[in-house]
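The values are calculated or read from the model by the stated rules, or taken from the named source; none is laboratory data. Model, not experiment: these values are computed from the prediction. Methodologically, a virtual Cβ is constructed for each residue, glycine included, from the backbone with ideal geometry; neighbour enumeration extends over all protein chains shown. Accessible surface areas use protein heavy atoms only, side chains included; no ligands, DNA or RNA. Shrake-Rupley method; radii C 1.70, N 1.55, O 1.52, S 1.80 Å.
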Amino acid sequence: MKNFIKITTLILTMAFFVNCQEEEAEVGDIITPTNLVITAEVVGVDVDNPFGDGSGFVKFTASADNALNYNIMFGDGQNEVVPSGVHTHRYSISGINTYTVVVSATGTGGVSTTGTIEIQVFSSFDDLEAKIFLSGGIGSSKTWYPKLDQDGHLGVGPTLEQDLGDDGNLNGHWFPQYDSTSAFGKCGSADSDCFCDFNLTFELSADSDLTFSQQNNGNTFFNWAHGAVVGQTFGEFSDTCWEFDTSGVSEVTLAPSSTDWSQIADPAFPEPRGTVMNFTNDAFMGYYAGASSYEILHVENDFLYVRFQDAINPVIVWYQMFTTTLPGQEFNTVYDNLAWSDEFDTNGAPDASKWTYDLGAGGWGNQELQTYTNNSDNVIVEDGLLKITAISTGGDNYSSTRLKSENIYEFTYGRVEVRAKLPMSQGTWPAIWMLGEDYETNTWPGCGEIDIMEQTGQDKNRVLATVHHPAVSPGEGDSDSLFLTTSTSEFHNYTVEWRPDTIIFLVDDTVFHTVANTPDLPFESDFFLILNIAMGGSLGGDIDPAFTEDTMEIDYVRVYQ
């Protein structure tokens, strides 16, 4: 038999609140609740367990005169609107923790009365193995991507109650019975392509606290019924990408599942893990359906399968799959003929029939600190590699090289492939890029810029691909990034496929960014190639005070048409 203890009873009247009237407010149909009473009872309290039995369950009861419903904020990042005022909540942060619970009783006309209580609750639930799978271990972080290459990576089905309600039979409340997405089914369409362009990161602290962040590159794939979150009304069943800010870090607490898995018609269905992730700050995992709680059906080092309830239509549940390896959609080039290349097979200075230089200083429009030279200390071909080296010359002075094919080789459309290993030092800003040849008369960004690869000076585990044009620049441009932990220790192939209708960016033949090349953009005339390392500036950032020199090595540059 469960034991309960009454923790607190709080009686509030309107005189305690400066934002309420001293007498009962009644203006037409507007009536403010009064005499708010809040009680909290922790399950399992006895002499030996003064803060509960470790289950974390607390029963809340709120009552007030003239109240229509109660919004209970439990103090752990979760909240619930409860018309009856009675609700049992489960706290899952391990140990004995104190929570400030805020209850707002709402009356007619939307006016409310608010009160708070403090409770102490003991929870013994934890799933350290799941935390390690999610994050990579204590003191580590791990990035996850939607498993786009598998059918059913996003799907929807009924709850158990709805499954039985559909026709009285168990048809499938344990899988996406109603609908599921085919492999890469959301990619390539402007309405849904953002679902193919986000990632999630879990990090585990030394104290085993789990945190979560989402990088959505500015846009989120919204379930059509949730458009009000961004002030929109989407067409029925027309899920849509929309601008949405997912920046910031959320705390993740784990709780045991309350899903009834006892009624499963499929004997081969594997038993779910039984752990639920609860995110603070209304965080969510890529697809927006109003959920911040996700049940882990299965997790291992490189695969995560979750299930979550729709916040507006709670009789349906959604399913998502994730992987730690960015899935690669099969890529078929339309350019097979090698039109131009430099294999860097001859030692000495770069081939003057293929390359020339930008020389000098002046910041180059980005507050950069280097002076570009054609000195052999900064650029040389040896051992089958082009080596561009940035060097500290004392104080805040640096030298480097910027090679270009301007007025030597310029072209429109094609596939450019550059095999390179990047410098690892903080503050170095390597770039492999192209600029419109008419930049002197058609000032940037009007001339257009295609950045095949850039890397910031502060994050050497990620590479960027970007296009700049008047619609998006000055500013960050139309950009995407790829997590690549070996960018400074191994060679990788950085590629752009520049077509009349689309511009596709790849790393090691994996597509990670696509831009529609519409007639209003400046990407239908000749461009030339540029290779360089900048120091500091807008993307290089702060330079390591101990920096002496560092090198970008390039195996080859090839252009196919």
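Remarks
- Residue satisfying all of: in the range 190-209; of a type in the set (A, V, I, L, M, F, W, C) and part of a loop (DSSP other than H, G, I, E, B); farthest from Gln162 (Cα to Cα) among these: Ala206
- The residue that is surrounded by the most Cβ atoms within 10 Å (Cβ to Cβ), counting only those in the range 326-348 that are closer than 15 Å to Leu386 by Cα and in contact with a strand residue (DSSP E or B) (Cβ under 7 Å, 6 or more places away or on another chain), is Asp342.
- When each of Thr488, Thr495 is tested for being in a loop (DSSP other than H, G, I, E, B) and under 16 Å from Ile554 (Cβ atoms), the lone residue that passes is Thr488.
- Selection of the range 40-71 for residues being open to solvent by 10 Å² or more (accessible area, probe 1.4 Å), outside any loop (DSSP other than H, G, I, E, B) and touching a residue at least 60 places away in the same chain (Cβ under 8 Å) yields only Ser55.
- The listed residue being β-branched (Val, Ile, Thr) and touching a Ser or Thr at 6+ places or on another chain (Cβ under 8 Å), out of Thr259, Thr280, Thr233: Thr280
- Every residue from the range 135-152 that is crowded, with 20+ Cβ neighbours inside 10 Å, in a loop (DSSP other than H, G, I, E, B) and touching a helix residue (DSSP H, G or I) at 6+ places or on another chain (Cβ under 9 Å): Leu148
- Some residue of the range 40-54 being touching a strand residue (DSSP E or B) at 6+ places or on another chain (Cβ under 6 Å) and under 13 Å from Val101 (Cα atoms): yes
- Flag if Asp520 is touching a His at 6+ places or on another chain (Cβ under 9 Å), at pLDDT 90 or above, over 22 Å from Asp149 (Cα atoms) and of a type outside the set (Ser, Thr, Tyr): yes
- Residue tally, condition within 23 Å of Pro314 (Cα to Cα) and either part of a strand (DSSP E or B) or open to solvent by 40 Å² or more (accessible area, probe 1.4 Å) (or both), over the range 72-102: 14
- Scanning the range 388-406 for residues that are among the polar types (S, T, N, Q) and either open to solvent by 10 Å² or more (accessible area, probe 1.4 Å) or without any contact (Cβ under 8 Å) to a residue 60 or more places away in the chain (or both) yields a count of 5.
- Contact annotation: residue pairs with Cβ atoms under 8 Å, 6 or more positions apart or on different chains, pairing a residue in the range 509-529 that is at positive phi with a partner that is loosely packed, with under 13 Cβ neighbours inside 10 Å, are Asp509/Phe331.
- Any hit, the range 153-160, residues being in contact with a His (Cβ under 9 Å, 6 or more places away or on another chain), surrounded by fewer than 20 Cβ atoms within 10 Å (Cβ to Cβ) and assigned to a loop (DSSP other than H, G, I, E, B): yes
- Failed item, numbered, when Glu300 is tested on (1) loosely packed, with under 15 Cβ neighbours inside 10 Å; (2) under 30 Å from Gly541 (Cβ atoms); (3) touching a residue at least 40 places away in the same chain (Cβ under 8 Å): (2)
- Among the residues listed as Cys241, Cys187, the single one being in a strand (DSSP E or B), open to solvent by 10 Å² or more (accessible area, probe 1.4 Å) and touching a Cys at 6+ places or on another chain (Cβ under 7 Å): Cys241
- Single condition Val463 does not satisfy, out of (1) within 19 Å of the chain's Cα centre (by Cα); (2) surrounded by fewer than 20 Cβ atoms within 10 Å (Cβ to Cβ); (3) under 23 Å from Asp542 (Cβ atoms): (2)
- Matching residues in the range 514-532 - criterion: being farther than 21 Å from Met552 by Cβ and of a type outside the set (A, V, I, L, M, F, W, C): Thr514, Asn517, Thr518, Pro519, Asp520, Pro522, Glu524, Ser525, Asp526
- Just one of the listed residues (Leu464, Leu435, Leu369) is free of Cβ contacts under 8 Å to residues at least 60 places away in the same chain and of a type in the set (A, V, I, L, M, F, W, C), namely Leu464.
The rows are residues; the columns are (1) within 24 Å of the chain's Cα centre (by Cα); (2) open to solvent by less than 30 Å² (accessible area, probe 1.4 Å); (3) modelled with pLDDT of 95 or more.
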{"position": "Trp429", "(1), (2), (3)": "yes, yes, yes"}
{"position": "Met434", "(1), (2), (3)": "no, yes, yes"}
{"position": "Asp438", "(1), (2), (3)": "no, no, yes"}
{"position": "Glu449", "(1), (2), (3)": "no, yes, yes"}
{"position": "Met453", "(1), (2), (3)": "yes, yes, yes"}
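- Candidate set from the range 124-134 (those that are open to solvent by less than 60 Å² (accessible area, probe 1.4 Å) and not charged (D, E, K, R)); member that is farthest from the chain's Cα centre (by Cα): Phe125
- Against the test of being closer than 30 Å to Phe57 by Cα and open to solvent by less than 20 Å² (accessible area, probe 1.4 Å), the options Ser250, Ser208 yield a single qualifying residue, Ser250.
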